[in-house]
Each structure stands twice: as structure tokens, then as C-alpha cells.
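What follows is a short report on a single structure.
The values are calculated or read from the model by the stated rules, or taken from the named source; none is laboratory data. Computed from a predicted model, the values in this text were never measured in an experiment. Backbone-built Cβ (ideal geometry, glycine too); neighbour counts: all protein chains shown. For the accessible areas, the whole protein counts, side chains as well, though only heavy atoms, and no ligand, DNA or RNA atoms are used. Shrake-Rupley method; radii C 1.70, N 1.55, O 1.52, S 1.80 Å.
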Amino acid sequence: MERTLVLIKPDAVEKGAVGKIIDRFLEEGFRLLALKMLRLSKEEAGEFYKVHRDKPFYGELIEFMSSGPIVAMVLEGERAIERVREIIGPTDSNEARRKAPNSIRALFGTDKGKNAVHASDSKESASFEIPFFFSSLEML
Ligand code: IDP
Ligand code: MG
């Protein structure tokens, strides 16, 4: 069993897609271990995405991720990290619509930046990202 962190980003929350996105993960057989809605400060968004601090899109990413409420959740399942990445699709939502039309980013994202969801990409990132949002007491 593996655990992964998923964020529903401000664009998808604004679109009213929270319920549909959570339901998709439940339909795919994952167990929802923790869930909350919150708004990140710029500092918190910068810390969460610090691996990207040298990328040209870092500033835009921090602005976007702190622009409105997000929903954070922990999902559990067999090979959850890899399988959730598959279900969300490629980073660029337009590419997702071409290559993975049933992926969450194809269905709910706009472009490469506003792409509806985040999901941990490795065990290492999950082990940083899960405790960033949830203490062990909040994981049921
Ligand atoms: P990922 O979310 O698919 O793992 P990463 O390359 O790790 O993609 O980038 C992290 C996030 O940064 C993306 O989900 C997206 O929101 C944003 N991002 C990535 N590339 C660009 C870009 O070229 N322009 C604007 N935002 C970007
Ligand atoms: Mg990534």
C-alpha cells in the first residue's frame, strides 16, 4: 500500500469541480485518508514548490497556487503514486486532451500552468508533501 498527496488547484476549485475530482479518485478505487480546504500564502506555496525555485515559471506558479482556495487530500492504494499520476495526465492540459482525453487535467485543466491538480511524483516527494499538509493525527 502506498500513499500520495493530491491538491485540487485554485482553477478547478473555482470551476466547481471539487466533487467530480474527488469522486473520480474514489471510483478508481483509492481510499481517502485525509481531506481539507485551505488557502496557501505565497510563502507556503513557495516552500511547497521549492524544487522548482530555479525554473522560469516559479513566480507564476506561486502566484497561481496562492490565488484562491485549494483542496488537499491523501489517497491510499496499491502503487498509488504512479496510478494517480496516470489518472491526472500530462502537465499541459492541452497535451492531456490530445493524449489522455479521460484524464483529470484533460477534463478540468486549462493549460500548462492552470492544470487543475497536483499529485506527488515519487515516494520521496510524497514523504515531503503529505506531512506538509497533514499531521499523523489528521490521517484517518
Ligand atoms: P507536474 O505538476 O506535472 O509534476 P511540473 O513540471 O513538476 O509538473 O511543474 C509543477 C507545476 O508547475 C505544474 O503542475 C504547473 O502548474 C506549473 N508549470 C509547469 N510548467 C509550467 C510552464 O511552462 N508555465 C507555467 N506553469 C508551469
Ligand atoms: Mg512535478
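Considering only the stretch 51-61, I want to know if a residue exists there that is small (Gly, Ala, Ser) and surrounded by fewer than 12 Cβ atoms within 10 Å (Cβ to Cβ). No: the stretch 51-61 contains no residue that is small (Gly, Ala, Ser) and surrounded by fewer than 12 Cβ atoms within 10 Å (Cβ to Cβ). Ser41 meets all of the listed conditions (1) surrounded by fewer than 14 Cβ atoms within 10 Å (Cβ to Cβ); (2) within 21 Å of Ile87 (Cβ to Cβ) but one, namely (2).
With the requirement that a residue be assigned to a loop (DSSP other than H, G, I, E, B) and either of a type in the set (Ser, Thr, Tyr) or within 16 Å of ligand 1 (Cβ to nearest atom) (or both), what does the stretch 10-55 give you? Residues satisfying the conditions are Lys15, Ala17, Leu40, Ser41, Tyr49, Arg53, Asp54, Lys55. Report whether or not Glu82 is away from ligand 1 (no atom under 12 Å from the Cβ), modelled with pLDDT of 95 or more and open to solvent by 30 Å² or more (accessible area, probe 1.4 Å). The answer is yes for Glu82. For Phe30, the test of being of a type in the set (A, V, I, L, M, F, W, C) and either open to solvent by 40 Å² or more (accessible area, probe 1.4 Å) or over 14 Å from the mean Cα position of the chain (by Cα) (or both) is passed.
When you scan the stretch 95-102, do you find a residue that is in a helix (DSSP H, G or I), away from ligand 1 (no atom under 12 Å from the Cβ) and open to solvent by less than 90 Å² (accessible area, probe 1.4 Å), even just one? Looking through the stretch 95-102, none of the residues is in a helix (DSSP H, G or I), away from ligand 1 (no atom under 12 Å from the Cβ) and open to solvent by less than 90 Å² (accessible area, probe 1.4 Å). Being out of contact with any Gly (no Cβ under 7 Å at 6 or more places or on another chain) and either more than 9 Å from ligand 1 (Cβ to nearest atom) or open to solvent by less than 40 Å² (accessible area, probe 1.4 Å) (or both) holds for only one residue in Ala72, Ala116, Ala106, and it is Ala72.
Of the residues making up the stretch 56-73, those that are assigned to a helix (DSSP H, G or I) and over 25 Å from Lys20 (Cβ atoms) are Tyr58, Gly59, Glu60, Ile62, Glu63.
Taking the stretch 74-98 as the range and being away from ligand 2 (no atom under 16 Å from the Cβ) and farther than 14 Å from Ser120 by Cβ as the test, the residues that pass are Glu78, Asn94, Arg97, Arg98.
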